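Data block below; observations after.
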Amino acid sequence: MYIPFLDVKAPYLELKFEFDAAYRRVMESGWYVLGQEVEAFETEFAAYCEAGKCIGVANGLDALHLIVRGYGIGAGDEVIVPANTYIATWLAVSHAGARPIPVEPDEVTFNINPSRIEAAITERTKAIMAVHLYGQPADMDPINALAKKYGLKVIEDCAQAHGARYKGRRVGTLGDAAGFSFYPGKNLGAFGDGGAVVSNDSDLAESIDLLRNYGSRIKYHNEVVGFNSRLDELQAALIRVKLTKLDDWNQRRRQVASNYLHELFAQSGLILPRVPEWADPVWHLFVIRTAQRDIIQQSLTTAGIGTMIHYPIPPHLQSAYVELNYQNGDFPLTERMAQEVLSLPIGPHLGNLECLRIIKSIQNVGLI
């Protein structure tokens with residue numbers, strides 16, 4: 001039987017009664033944009049993140065983009081970003097008119113390497129955008145120390161890290177503001193697109209509340225040039241259902257990751273994820289590294305097991321950023337990771353027998 005990379009239908013089957021009730025509640029309300037469901041979700045998710053404010057927006061990219069805009073960062077400014085990340089991190093900066101300045105990752109965690117950030121700071125730098133990649137928190141204390149030294153904002157990209165903790169604190173509260181994505185494949189996923197900004201900065205929250213709704217507080221009174229980026233009522237209602245299960249589902253992911261780490265520990269030719277003592281990840285992805293990545297992927301495909309590569313082309317080598325004039329070799333560690341990483345199936349609905357089959361399939365490849 002085929003094992004998909006992620007079963008996105010399984011959450012609905014587990015909570016069908018609750019989802020159907022939420023759907024009916026919204027449909028019968030007659031109110032479908034910026035109503036009670038969005039307000040309730042914003043309150044509940046802010047509390048979950050242990051933050052003061054949450055503003056629901058249309059998607060994760062918009063969440064990051066509106067944070068950058070909300071802090072007045074734009075043309076002529078620079079924002080430090082990870083070289084090793086999904087391109088949305090960079091696009092959020094570009095859409096505001098600023099320039100993303102990439103920094104190589106830490107080889108152990110795959111997250112931005114704090115020791116390399118200072119060399120990338122210039123007089124144009126206005127913020128550092130740290131990504132909690134694969135559900136593992138970035139090392140935020142040294143990042144915040146640099147930000148304080150140079151007067152910079154710290155923006156968290158939490159698209160893959162709903163519920164993760166750093167030294168006991170939830171991600172989303174470790175900088176000035178954070179952007180979340182609720183794309184269906186996320187740990188907390190909608191049944192479509194969705195996103196949110198989380199922050200303790202009430203001024204920023206007010207600014208984003210304005211920007212997301214055409215720059216308007218009162219209908220037909222537009223104070224600034226805003227956007228149409230609103231989390232809709234139906235998605236908010238459905239995410240509220242999933243939020244009640246998020247910690248449980250994250251714990252199931254941890255068990256799958258533990259099985260992988262225990263059973264693949266002695267497998268030659270593999271570099272497994274490592275978790276620093278200060279991190280409590282939520283395992284959005286389980287990413288292995290090997291120079292024989294393509295061999296393993298093909299073997300798993302033949303065995304009926306889905307895998308993915310996160311990410312095959314780094315942002316600095318994408319056609320979208322050709323004007324930045326980066327070349328092969330400019331960020332060698334990021335480029336090497338792109339050639340070696342492979343994401344194994346992981347999710348709260350991956351059964352023990354399926355997990356064992358994946359492990360045995362990898363062990364049968366016989367890497368050296």
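The values are calculated or read from the model by the stated rules, or taken from the named source; none is laboratory data. Computed from a prediction, not measured in an experiment: that's the story for all the values here. Because the Cβ atoms are built from the backbone with ideal geometry, glycine has one as well, and the counts that use them run over all protein chains shown. These area figures cover heavy atoms from the full protein model, side chains too; ligands, DNA and RNA do not enter into them. Shrake-Rupley method; radii C 1.70, N 1.55, O 1.52, S 1.80 Å.
Whenever a residue of the range 1-20 is within 23 Å of residue 233 (Cβ to Cβ), its partners that are open to solvent by 80 Å² or more (accessible area, probe 1.4 Å), lying with C-beta atoms within less than 9 angstrom and at least six residues away or across chains, give the pairs 8/191; 12/191; 15/244; 18/244; 19/191.
One residue stands out in the range 99-124 among those that are among the hydroxyl-bearing types (Ser, Thr, Tyr) and assigned to a loop (DSSP other than H, G, I, E, B): the one that is modelled with the highest pLDDT, namely 122. Taking the numbered list (1) within 18 Å of the chain's Cα centre (by Cα); (2) buried (at least 24 other Cβ atoms within 10 Å of the Cβ) in turn, residue 70 passes all entries but (1). When the residues of the range 24-35 are filtered to those that are over 26 Å from the mean Cα position of the chain (by Cα) and not in a loop (DSSP other than H, G, I, E, B), the one that is surrounded by the fewest Cβ atoms within 10 Å (Cβ to Cβ) is 28.
Table: residues versus (1) in contact with a Lys or Arg (Cβ under 8 Å, 6 or more places away or on another chain); (2) not small (Gly, Ala, Ser).
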{"site": "57", "(1), (2)": "yes, yes"}
{"site": "65", "(1), (2)": "no, yes"}
{"site": "85", "(1), (2)": "no, yes"}
{"site": "92", "(1), (2)": "no, no"}
{"site": "97", "(1), (2)": "no, no"}
{"site": "127", "(1), (2)": "yes, no"}
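Which residues, taken from the range 36-59, are part of a helix (DSSP H, G or I) and open to solvent by less than 10 Å² (accessible area, probe 1.4 Å)?
So in the range 36-59, the residues part of a helix (DSSP H, G or I) come out as 36-48.
If the condition is that a residue be part of a helix (DSSP H, G or I) and open to solvent by less than 10 Å² (accessible area, probe 1.4 Å), then 38, 41, 45, 46 are the ones that fit.
What about residue 342, is it part of a strand (DSSP E or B) and either open to solvent by 80 Å² or more (accessible area, probe 1.4 Å) or at pLDDT 95 or above (or both)? So residue 342 passes the test. Which one is most open to solvent (accessible area, probe 1.4 Å), of the residues in the range 255-278 that are under 15 Å from residue 135 (Cβ atoms) and part of a helix (DSSP H, G or I)? Checked the range 255-278; the qualifying residue most open to solvent (accessible area, probe 1.4 Å) is 255. Within the range 119-162, the set of residues being open to solvent by 10 Å² or more (accessible area, probe 1.4 Å), small (Gly, Ala, Ser) and on the phi > 0 side of the Ramachandran plot comprises just one member, 151. Considering each residue of the range 93-100 in turn, at least one proves to be in contact (Cβ under 8 Å) with a residue 24 or more places away in the chain, touching a Ser or Thr at 6+ places or on another chain (Cβ under 8 Å) and either more than 27 Å from residue 253 (Cβ to Cβ) or among the small types (Gly, Ala, Ser) (or both).
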